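K.L.:
Below: one structure in structure tokens.
None of the figures in this text is laboratory data; all of them are computed from the coordinates on show. What you see is a predicted model; the values in this text were computed from it and never measured. Neighbour counts are summed over all protein chains in view; Cβ atoms, including those assigned to glycine, are modelled from backbone coordinates with ideal geometry.
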Ligand code: SF4
């Protein structure tokens, strides 16, 4: 979790699906894996977009797509790319699942609770498909990068037509074209490292806010987190492509840019510059706009980064820096790569440079073996730092992570009681801060 948080069809009138290249053939009514597809480049995918668009030529109205997104800002950004590709393929958008020709559910796997919600909602789509048998139902995103979830969909959610994981997103047009051919159900998990594909269309949300992805994946392997297994190793976009996109956004009236990455402040590997340098370059673009970023890891937060933020009036004075626990013992078990004192020094440094800094964070309650003493250290850290806002999570096992091998031995009642105390403390801190702001 970047310390984060996380279908049918096409109008019955569409015709003319010829064979695709580089994929295995479909089997009518059966389950078809899509293997050997390496056509990630934008021109190939644009060709498939044109083919899908041609299928609705001559229809009295454009086919409709419904896109639903779970999870973090990275998923929101991915859905903007899915919408961009759908628009290019001739689709208009609807909020009505029953009216949709294609339903796309972009899933989140960061917590068990999110997965349960997704599966419940996907199960309910059996009704929309019954009402509109031509509907194409697509599942994608983090949950669909996980083999056990794919198997579950394959066998228990037979109304789903197309499944692909995070790495296959750039070739959505090719996969949708295949699904529209109705030669079977298609499952594509792609275990490669994840490609960066530039020049695919994006359909943004309303101004003034825009997400700008600068890197993908994570190399940190925090012991409780499934993200590195689902989104792959870190890949940074080339700085010139990021700056080009930033310029386009600003020219297009987007004035609140947020640079995104699972571990955004480790940006730059292989490009000869670090995240602070990238921020400096983005801020140097002409225009009236602000810049923020999300989500950062304390291990990669440096005085140089804070110095760049402080020196640049275009940088928003907000830092989201997840601490997760105030106990060194638990931080070590989480494989977070910093200590409680190290975290406090970082914040002291950031606040000395930016006294007006708005500071938010994530915290996990009930990690395996968390004792009352560990939890007290977390409360103590909160009292010391006094966050402006906290995103709070009760630990839940993510199968496949190292922490899943530890006994989940903090009873549910204890986890809930600790969470209640933590929330009460944060509410008191916020109230006191708000009172102090009013006095000023
Ligand atoms: S492994 Fe750690 S840093 Fe990476 S996404 Fe997960 S929680 Fe964030």
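K.L.:
Does segment 123-178 come out rounded, prolate or oblate, given a ≥ b ≥ c as the square roots of the eigenvalues of its C-alpha gyration tensor, rounded meaning a/c under 1.5 and, failing that, prolate meaning a/b above b/c? The partial results should precede the final answer.
P.N.:
Numbers: a/c = 2.56, a/b = 1.29, b/c = 1.99.
Because a/c hits 1.5 or more and a/b fails to exceed b/c, segment 123-178 counts as oblate.
K.L.:
Sorted from largest down, give the three principal axis spans of the alpha carbons of segment 59-161, whole angstrom values.
P.N.:
43, 30, 19
K.L.:
Also, I was wondering about something else. How much length is gained on full extension from residue 158 to residue 328, taking 0.36 nm per residue of separation minus their Cα-Cα distance? The partial results should precede the final answer.
P.N.:
Working: separation 170, 0.36 × 170 = 61.20 nm, distance 4.66 nm.
Stretched fully, the residue 158-residue 328 segment lengthens by 56.5 nm.
K.L.:
Can you tell me how segment 288-330 classifies by the Cα gyration tensor, rounded, prolate or oblate, using a/c under 1.5 as the rounded cut? List each step's numbers first, then the result.
P.N.:
Values: a/c = 3.67, a/b = 2.26, b/c = 1.62.
Note, shape of segment 288-330 comes out prolate.
K.L.:
Here's something else I'd like to know. Report the Stokes-Einstein translational diffusion coefficient (µm² s⁻¹, integer) for segment 127-279, Rh taken as the Kirkwood radius over Cα pairs, at 20 °C with viscosity 1.002 mPa s.
P.N.:
Numbers: Rh = 17.5 Å.
The calculation lands on 122 µm²/s.
K.L.:
Taking the beta-carbon count within 10 Å as an exposure proxy, list 178, 415, 269 from fewest neighbours to most.
P.N.:
Details: 178 27, 415 19, 269 13.
So the ranking, lowest neighbour count to highest, is 269, 415, 178.
K.L.:
Tell me the label-point distance for the pair residue 317, residue 240, using the 7 Å Cα-to-Cβ offset, in nm and rounded to one decimal.
P.N.:
With each label placed 7 Å out from Cα toward Cβ, I get 3.7 nm.
K.L.:
Next question. Quick one: Kirkwood hydrodynamic radius for the chain, alpha-carbon pairs, angstrom, one decimal? If you can, show how the numbers build up before the last one.
P.N.:
Working: mean 1/r = 0.0432 Å⁻¹.
Value: 23.1 Å, from the Cα pair sum.
K.L.:
Work out, step by step, the length gained on full extension between residue 41 and residue 413: first 0.36 nm times the residue separation, then minus their alpha carbon distance; give nm to one decimal.
P.N.:
Numbers: separation 372, 0.36 × 372 = 133.92 nm, distance 5.11 nm.
Full extension of this stretch gives 128.8 nm more.
K.L.:
Could you tell me whether segment 209-439 comes out rounded, prolate or oblate from its Cα gyration tensor? Rule is a ≥ b ≥ c as square roots of the eigenvalues, rounded for a/c under 1.5, then prolate if a/b exceeds b/c, otherwise oblate. The partial results should precede the final answer.
P.N.:
Details: a/c = 2.19, a/b = 1.41, b/c = 1.55.
Note, shape of segment 209-439 comes out oblate.
K.L.:
Then there is this: Report the relative contact order of segment 209-439, percent, no decimals, based on alpha-carbon pairs under 8 angstrom and at least 6 residues apart. Write down the numbers at each step before the final one.
P.N.:
On the way: 372 pairs, mean separation 39.7, N = 231.
Relative CO of segment 209-439 lands at 17 percent.
K.L.:
Work out the FRET efficiency for residue 112 and residue 386 from their Cβ-Cβ distance, taking R0 = 22 Å, and round it to the nearest 0.05. Can you show the working numbers first?
P.N.:
On the way: r = 31 Å, r/R0 = 1.40.
Result of the calculation: an efficiency of 0.10.
K.L.:
Simple spin-label model, 7 Å along Cα-to-Cβ: residue 148 to residue 299 in nm?
P.N.:
Modelled inter-label distance: 2.5 nm.
K.L.:
Hey, quick one: spin label on residue 341, modelled 7 Å out along Cα-Cβ, who in segment 381-406 has an amide N within reach, i.e. under 13 Å?
P.N.:
Answer for this model: none.
K.L.:
Follow-up. Using 7 Å Cα-to-Cβ label points, what is the residue 99/residue 396 separation (nm, one decimal)?
P.N.:
Each label point is offset 7 Å from its Cα along the Cβ direction, giving 3.2 nm.
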